[in-house]
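Structure record follows, encoded as structure tokens.
The values are calculated or read from the model by the stated rules, or taken from the named source; none is laboratory data. This one's a predicted model, so the numbers in the text were calculated from it and none came from an experiment. No Cβ is skipped: glycine too gets one built from the backbone with ideal geometry, and neighbour counts run over all protein chains shown. To get the accessible areas, we keep the full protein, side chains included, count just its heavy atoms, and leave off ligands, DNA and RNA. Shrake-Rupley method; radii C 1.70, N 1.55, O 1.52, S 1.80 Å.
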Amino acid sequence: MTPTELRNERLGQKMVKLMERRHFEAFYCATAEEAKRKVNELIVDGSSVTWGGTMTVRDLGIPEMLKQRGTLQVWDRDLVTTPEEKEEMYQRAFRADYYLSSANAVTEDGVIVNIDGNGNRVAAITWGPKHVIFVIGMNKVAQDAEAALKRARSTASPINAARFDIQTPCQLDGQCHNCNSPQSICNFIHFLRNSSKPDRIKVVLVGESLGY
């Protein structure tokens, strides 16, 4: 085990215990493949499932894995083509049995931080789907809430602005300007510190660098 793997293992296991105190159902997986298997195990046959704008879930191939099961209603938001279809998919997510997401950052004591442009992702995380499953690489761990917010704004947001090719100041120079741009993707800032419904929130921490 490398020093990085050892650190991730030790911190990840500690974070699992702290997240359980927040009424999350939490797991640590050393590898991406283990994380995929865990996500698959958590989703019950016959359920409906969809996801937010997470690159982690896509890069792991989780949508394809779930479709291949043949026992789930998979609502694939990546197949919609019109604004009307996109809006309908956003609304449908609230009725899903399982909603998959990642995070822009997570604190060492288990607070999950996300920033949204439209707000559909943080809205679904907050209320609606029966279960929310987070898949979070250990590269997104920050010491505390202040550091997590800085990571979300200074690392994740400029990269996502570049991914969507939107015209914000951070897209141009990679630095957060705390802007009020019409195309800002930092309109909604969300701190998830507890689950009001025990075990509704499920977190799979992964001992690899995943997503942004």
Which ones in the stretch 190-212 are more than 22 Å from residue 43 (Cα to Cα), outside any loop (DSSP other than H, G, I, E, B) and open to solvent by less than 80 Å² (accessible area, probe 1.4 Å)?
-> 190
Under the condition of being among the hydroxyl-bearing types (Ser, Thr, Tyr) and within 18 Å of the chain's Cα centre (by Cα), which residue from the stretch 1-33 is least open to solvent (accessible area, probe 1.4 Å)?
-> 28
In the set 53, 46, the lone residue that is touching a residue at least 60 places away in the same chain (Cβ under 8 Å), open to solvent by less than 60 Å² (accessible area, probe 1.4 Å) and part of a loop (DSSP other than H, G, I, E, B) is 53
In the stretch 108-161, which residues are open to solvent by 10 Å² or more (accessible area, probe 1.4 Å) and of a type in the set (Phe, Trp, Tyr)?
-> 127
Qualifying residue in the stretch 75-83 (condition: in contact with a Ser or Thr (Cβ under 6 Å, 6 or more places away or on another chain) and either over 21 Å from residue 125 (Cα atoms) or modelled with pLDDT of 95 or more (or both)) | yes
Tell me, yes or no, whether the stretch 77-89 has at least one residue that is touching an Asp or Glu at 6+ places or on another chain (Cβ under 7 Å) and surrounded by fewer than 21 Cβ atoms within 10 Å (Cβ to Cβ).
-> no
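Filter the stretch 162-172 down to the residues that are open to solvent by less than 60 Å² (accessible area, probe 1.4 Å) and not in a helix (DSSP H, G or I), then identify the one that is modelled with the lowest pLDDT.
Step by step, filter the stretch 162-172, then rank; the result is 166.
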